[in-house]
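Working notes, beginning with the structure itself.
The values are calculated or read from the model by the stated rules, or taken from the named source; none is laboratory data. Since the structure is predicted, the reported quantities are computational estimates derived from the model, not experimental observations. Quick reminder, even Gly has a Cβ in these numbers, built from the backbone with ideal geometry, and neighbours come from all protein chains shown. Each accessible area value is taken on the protein alone, full model and side chains, heavy atoms only, with ligands, DNA and RNA left out. Shrake-Rupley method; radii C 1.70, N 1.55, O 1.52, S 1.80 Å.
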Amino acid sequence: QMQLVESGGGLVQTGGSLRLSCAASGRTFTMGWFRQLPGKEREFVAAISWSGGGTYYADSVKGRFTIARDNAKNTVYLQMNVLKPEDTALYYCAGGRSSWLLTNIVDRRWYDYWGQGTQVTVSS
C-alpha cells in the first residue's frame, strides 16, 4: 500500500512563500496537489506527470505555484509564492496512475492514494 506524507505547511503572511513536500513510500506516476476548506469539496491545485515533463495548474494558482518532482527521492514538491489569504486550506498530496488526461488529473476521484494533509494558513 502506497503511503504519502506531506510536510512544509505553516503560517505565512500575505505575499510570502512556502514549499510543500510529499514523500512517497514507493514509485509513483501522475501526482497531484489538492486543497480543502472545512465544509467544502477538495479542489484541484496542480498535477505533474511521471517524467515531470507535463504539469497543469488550476487558474487560481497559475503563475504563483510550481509543482516539481524528484523521482530518485520519490518526492513531489509544491512551491507556493505570492501567497494570498484565499490560499489558506489543508493541502493534500495525491497519487494517481500513469495516465495524463486532463479530465482525470483534475478529478480527485481518479487518484488512488492520499496523504494526511498539511495546513497552510496565510494571514492578511
Alpha carbon convex hull of the chain, volume per residue in cubic angstrom
94 Å³
Within straight-line cross-link reach of K84, aspartates and glutamates at Cα separation under 20 Å, skipping those fewer than 8 residues along the same chain
E41, E43, D59
Compute the signed sum of charges (Lys and Arg +1, Asp and Glu -1) over the other residues within less than 15 Å, Cβ to Cβ, of T30.
+3
Roughly speaking, to the nearest percent, how much of the chain's 1.4 Å accessible area is carbon and sulfur?
49 percent
At a threshold of 8 angstrom on Cα-Cα distance, excluding pairs fewer than six apart, so keeping six or more, what relative contact order does segment 29-124 reach in percent?
32 percent
Per residue, accessible area of the chain with a 1.4 Å probe, heavy atoms of protein chains only, in Å², comes to 51 Å²
